[in-house]
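The values are calculated or read from the model by the stated rules, or taken from the named source; none is laboratory data. Remember, it's a predicted structure, so these values are computed and weren't measured experimentally. Using ideal geometry, Cβ is built from the backbone for each residue, glycine included, and neighbour counts are taken over all protein chains shown.
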Amino acid sequence: MKIGVAAALLALGVPITPTLAQQSVPQQLTLEQALDIARANNPSFRQARNDADLADWDVRQAYGALLPQASASGGVSWQGAGEQQFGSLTLGDLGFSSQPTYYFSNYALSLTYRLDWATLKGPSRAKADRRATDAQIGVADANLVAQVTNAYVETLREQEAVRIAEQQLENGQLNLRLAQGQLEVGAVTGIDVGQAEVQVGRARVQVLQARNALETARMRLLQQLGQPMGQEFEPVTTFELTEPQWTADELERMALSSNPTLLSRQRQRESADIGVSAAKSSYLPSMSISTGISGFTREASSTDSQIAQAQAQVSGAIAQCVATNQIYSRLADPLPQLDCSRYAFTDARRQAIISQNDQFPFNFQKSPTQVSLQLSIPIFNGLSRERNLEAARLQRDDLEEQVREQEIALQADIAIGLQNVTTAYESARIEEQNRDLAERQLQLARDRYQLGEITFVDLVNAQTVLAQADADQITAVFFYHDQVTALESLVGTSLRN
């Protein structure tokens, strides 16, 4: 049996993100197109997919940790004029006048390189985490496929329900015409016509309810696709009722290589293995090398105090020179006199003081360069290393058990799922035969009613039996497709042609 349905127009009007552009959906929507639209627009799946970008940056950061760290800094500052204190003394006590306003600037460049085993293993661990993230996105994708497929099939189910309800309305209207014809020839009373009218009224209510259920299913599918409400669409993909030909061993092999949850746990276990190795690195030494250059400027707003200090120094030197010459002249054997004129404060020296003060902001004086090498060997840190290593091992062991648990669960779930699909197929075939038989019984009941061999109640009973057979057939057929969808989720790939 084939279940086919046709589809309408769906316009993307509500952007999920500021960069999400609107798309046009084909008028007839296939399941594959619905899945593509959902992957591009479903908010939950887009959130899961965004984790891949962060995982990629984690890998880049792990490689970046293998490179030296460099930093640069600089600044300017201002110090106002005033009397500066040194302990219990001031500049005035030391013979200096109050200091002028000063302007300062500085820069510093530093380079640091640190290396340990955890840093060396960083890229491998980040790559393993990225594979685990990709596997988690695979789980989200599998869930999205199952949700969209279920919503798509539900729309088909409700559309078939509308078709059956409308068919029941047509049958009720046919029964009404039969009753009216029998009344005209006097074969029945008006009671039969009244019962037929009640049957038609009930059929119209069922059509109304079926159409409401169909609209609800459409909106749920739009929700899964990340689309605005109020859009018309008709799915056109057909789902065939085919006898299951798969074996449990075949499905298990497919699931072991494709089941998203199993793959996710396997990737998490691989990351945990590297985590154990990283935890062991806390027993190994680490090395760091650092170097840097720096400079500064210092400029006074006025050089008067500096010139005064220089003049005072020259005066002191001249006084010392004169005193020395006096001592030399009083010796029994006088020594040659010193030339005190060489200590004169010249304009050249005054200009040199002014020039040396002109430094702010970029005439830096370089500070001494430093290079340091440090080797750190851990000895005892309060058993935190042992605790962290044991925690990493236990996490890895837990993930190994989760992988084994998932493998066992897959074997059981696949066996149960295959049995459910087989049972659903056989049930659908039986319900199809029951429906054909009920339809023949209804036609026979109509013929006999026209001949006056049965009452209108008997005719309504035959109609009721057909309606129930139609409903049971739809339930059985779509239950089969639901079970196939569930089995596809376990296997991790499509089982439908």
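I'd like the residue in segment 261-289 that is in a helix (DSSP H, G or I), touching an Asp or Glu at 6+ places or on another chain (Cβ under 7 Å) and of a type outside the set (A, V, I, L, M) and, out of all such residues, is surrounded by the fewest Cβ atoms within 10 Å (Cβ to Cβ). Show your work before the answer.
Kept after step one, since they are in a helix (DSSP H, G or I), are these residues of segment 261-289: 261-283.
From what is left, the residues that are touching an Asp or Glu at 6+ places or on another chain (Cβ under 7 Å) are 262, 269, 271, 281.
Among the residues that remain, those that are also of a type outside the set (A, V, I, L, M) are: 269, 271, 281.
Details: R269: 20, S271: 22, S281: 18.
Per the stated criteria, the residue is S281.
Scan segment 160-191 for residues that are of a type in the set (D, E, K, R) and either modelled with pLDDT of 85 or more or not in a helix (DSSP H, G or I) (or both) and jot them down.
The initial filter retains those residues of segment 160-191 that are of a type in the set (D, E, K, R), namely 160, 163, 166, 170, 177, 184.
Correct list: E160, R163, E166, E170, R177.
Okay, residues lined up against (1) touching a residue at least 40 places away in the same chain (Cβ under 8 Å); (2) over 60 Å from the mean Cα position of the chain (by Cα):
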site: G292; (1), (2): yes, no
site: D333; (1), (2): no, yes
site: I353; (1), (2): yes, yes
site: N363; (1), (2): yes, no
site: K366; (1), (2): yes, no
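Check segment 121-132 and report whether any residue there is more than 29 Å from R385 (Cα to Cα) and of a type in the set (A, V, I, L, M, F, W, C). Walk me through it before giving the result.
Looking only at segment 121-132, we keep the residues that are more than 29 Å from R385 (Cα to Cα), and these are none.
Checking segment 121-132: not a single residue is more than 29 Å from R385 (Cα to Cα) and of a type in the set (A, V, I, L, M, F, W, C).
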> Quick check, is A428 of a type in the set (G, A, S), more than 30 Å from Q182 (Cβ to Cβ) and in a helix (DSSP H, G or I)?
Replying inline: yes
> Can you name the number of the only condition in (1) part of a helix (DSSP H, G or I); (2) crowded, with 17+ Cβ neighbours inside 10 Å; (3) among the small types (G, A, S) that G292 fails?
Replying inline: (1)
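Here are some residues: I414, I474. Which one is assigned to a helix (DSSP H, G or I), of a type outside the set (D, E), touching a Lys or Arg at 6+ places or on another chain (Cβ under 9 Å) and buried (at least 18 other Cβ atoms within 10 Å of the Cβ)?
Residue meeting the stated conditions: I474.
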>> If a residue must be loosely packed, with under 15 Cβ neighbours inside 10 Å and closer than 14 Å to L174 by Cα, how many such residues does segment 431-443 contain?
In response: 1
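Give the number of residues within segment 295-321 that are aliphatic (A, V, I, L, M) and loosely packed, with under 13 Cβ neighbours inside 10 Å. Don't jump to the end; show me each part of the working.
If we filter segment 295-321 for residues that are aliphatic (A, V, I, L, M), which is where we start, we get 300, 307-308, 310, 312, 314, 317-319.
Those left that are additionally loosely packed, with under 13 Cβ neighbours inside 10 Å: 308, 319.
So the count comes out to 2.
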>> Looking for something of a type in the set (S, T, N, Q), closer than 30 Å to P260 by Cβ and surrounded by fewer than 19 Cβ atoms within 10 Å (Cβ to Cβ) - is there at least one such residue anywhere in segment 176-199?
In response: no
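Residues of segment 200-213 being of a type in the set (S, T, N, Q) and either touching a strand residue (DSSP E or B) at 6+ places or on another chain (Cβ under 9 Å) or surrounded by fewer than 16 Cβ atoms within 10 Å (Cβ to Cβ) (or both), which ones? Even if it seems obvious, please write down each step before you answer.
Step one: list which residues in segment 200-213 are of a type in the set (S, T, N, Q), which gives 206, 209, 212.
Listed by number, the residues that qualify are Q209, N212.
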